[in-house]
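*Asks:* Please see the structure below; I have some questions.
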């Protein structure tokens with residue numbers, strides 16, 4: 001890290017960290033927009049909330065602008081289009097189960113090209129506006145994603161024969177590449193599902209809602225545990241869950257999530273935490289405001305300065321691999337804490353030496369850590385996840401893979417589902433046993449009567 005950055009980053013980020021997390025007022029001049037794609041499964045989930053959202057918007061944000069694109073942007077993290085589609089279909093199923101969205105659980109599949117063309121003509125030609133259009137939009141998405149192609153064709157025939165293309169300023173059809181659905185307000189983008197609560201908090205703060213926004217009712221807040229019953233908690237603890245965490249060392253979100261999981265979840269649920277540091281991925285241009293908001297909400301300290309360079313991440317990995325395996329999680333916690341809260345630059349020799357002393361490491365490992373990081377990269381790539389950190393949870397013989405700050409809630413949700421399945425299985429076995437005993441008793445009685 002250059003001398004200029006070493007001195008300038010702390011000043012710049014200290015100023016950033018001290019300023020208010022939220023800009024007090026975002027402009028309403030451009031209104032509220034939602035960007036959709038008919039073949040995007042996240043758009044399918046998003047449209048199921050639009051009529052409810054539109055119902056509580058103030059007149060300043062009406063009409064809700066709907067932009068429908070027919071072009072997808074490139075999948076993230078080097079994924080192929082097929083990998084992204086498979087991931088998003090499975091991820092949407094998880095979101096739908098958690099938040100009670102309508103979804104095809106058995107065999108979700110992409111709508112056919114012909115159905116997509118018919119749906120676009122229906123939406124282009126309809127004279128409906130306002131909430132009536134939003135209801136139609138939701139119905140069309142249901143037809144596409146539940147393969148109700150007969151209904152869709154009926155609407156298409158009516159729209160193509162008896163209506164003509166309409167021109168409404170709040171309804172736009174474009175070729176702008178969109179990967180997944182998102183809202184736009186005041187120049188900021190909000191993921192249509194994952195950031196819906198953050199968006200509605202912002203709108204409520206600016207008094208742009210006429211009622212309470214009740215969305216995503218099973219959302220799990222930071223440091224609010226889903227499971228508090230002592231017996232249920234003990235059941236999970238005896239299952240000895242394991243959690244693998246693949247982290248990019250230069251990514252501040254990795255620090256925030258590792259700290260949160262270690263402080264709040266690992267001991268609480270008796271999770272064995274395994275860390276796999278990754279090689280330098282150039283995640284230097286991170287969203288400071290997002291990381292700062294997450295820091296506040298998760299109550300994990302964070303000051304974004306002295307961002308690790310490629311050399312710094314290698315030195316961090318060398319410290320990590322210089323201690324016994326059972327100490328490595330604690331050591332990585334201390335390393336990342338020093339980097340992201342104390343401004344340690346581990347590409348700077350005095351900082352590295354001080355860190356080695358703080359960790360009581362006598363001698364650094366002679367191992368070449370680069371191949372170790374590359375091996376971790378390969379394992380992580382095999383999980384086919386679009387973002388970091390990547391998490392794999394193992395419990396009761398099953399494995400669950402997910403990623404990023406938006407899916408940490410899945411840890412507790414999975415535990416809850418595992419217990420629910422366990423109790424259900426036990427009850428079914430108990431009922432079956434009672435029925436068997438009753439049948440045996442009845443047979444014995446019949447034999448006695450015959451005698």
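*Asks:* Any idea which of 210, 126 is more than 16 Å from residue 33 (Cβ to Cβ) and not assigned by TED's automatic domain parsing to the domain that holds residue 53?
*Replies:* Exactly one residue qualifies, and that residue is 210.
*Asks:* Let me ask you something else. Looking for whichever is touching a residue at least 40 places away in the same chain (Cβ under 8 Å), under 29 Å from residue 370 (Cα atoms) and assigned by TED's automatic domain parsing to the domain that holds residue 406 here; the options are 303, 292. Which one fits?
*Replies:* 303
*Asks:* Quick one: how many residues across segment 222-243 are within 18 Å of residue 402 (Cα to Cα) and either without any contact (Cβ under 8 Å) to a residue 40 or more places away in the chain or surrounded by 21 or more Cβ atoms within 10 Å (Cβ to Cβ) (or both)?
*Replies:* 1
*Asks:* Give me a count of the residues in segment 244-270 that are assigned to a loop (DSSP other than H, G, I, E, B), touching a helix residue (DSSP H, G or I) at 6+ places or on another chain (Cβ under 6 Å) and crowded, with 21+ Cβ neighbours inside 10 Å.
*Replies:* Total meeting the criteria: 2.
*Asks:* Go through segment 175-206 and give me each residue that's in contact with a strand residue (DSSP E or B) (Cβ under 6 Å, 6 or more places away or on another chain) and buried (at least 19 other Cβ atoms within 10 Å of the Cβ).
*Replies:* Listed by number, the residues that qualify are 178, 181, 182, 183, 185, 190, 192, 199, 203.
*Asks:* Tally time: how many residues in segment 153-170 are within 37 Å of the chain's Cα centre (by Cα) and part of a loop (DSSP other than H, G, I, E, B)?
*Replies:* 5
*Asks:* Of the residues 127, 108, only one is part of a loop (DSSP other than H, G, I, E, B) and buried (at least 16 other Cβ atoms within 10 Å of the Cβ); which?
*Replies:* Selected residue: 108, the only one of 127, 108 that is part of a loop (DSSP other than H, G, I, E, B) and buried (at least 16 other Cβ atoms within 10 Å of the Cβ).
*Asks:* So, one more: Look through 144, 152, 137 and report the one residue that is in contact with a helix residue (DSSP H, G or I) (Cβ under 8 Å, 6 or more places away or on another chain) and under 23 Å from residue 55 (Cα atoms).
*Replies:* Just one listed residue meets the conditions, 137.
*Asks:* Would you mind telling me which numbered condition in (1) exposed (fewer than 11 other Cβ atoms within 10 Å of the Cβ); (2) in contact with a strand residue (DSSP E or B) (Cβ under 9 Å, 6 or more places away or on another chain) residue 214 fails?
*Replies:* Failed condition: (2).
The values are calculated or read from the model by the stated rules, or taken from the named source; none is laboratory data. Since the structure is predicted, the reported quantities are computational estimates derived from the model, not experimental observations. Neighbour counts are summed over all protein chains in view; Cβ atoms, including those assigned to glycine, are modelled from backbone coordinates with ideal geometry.
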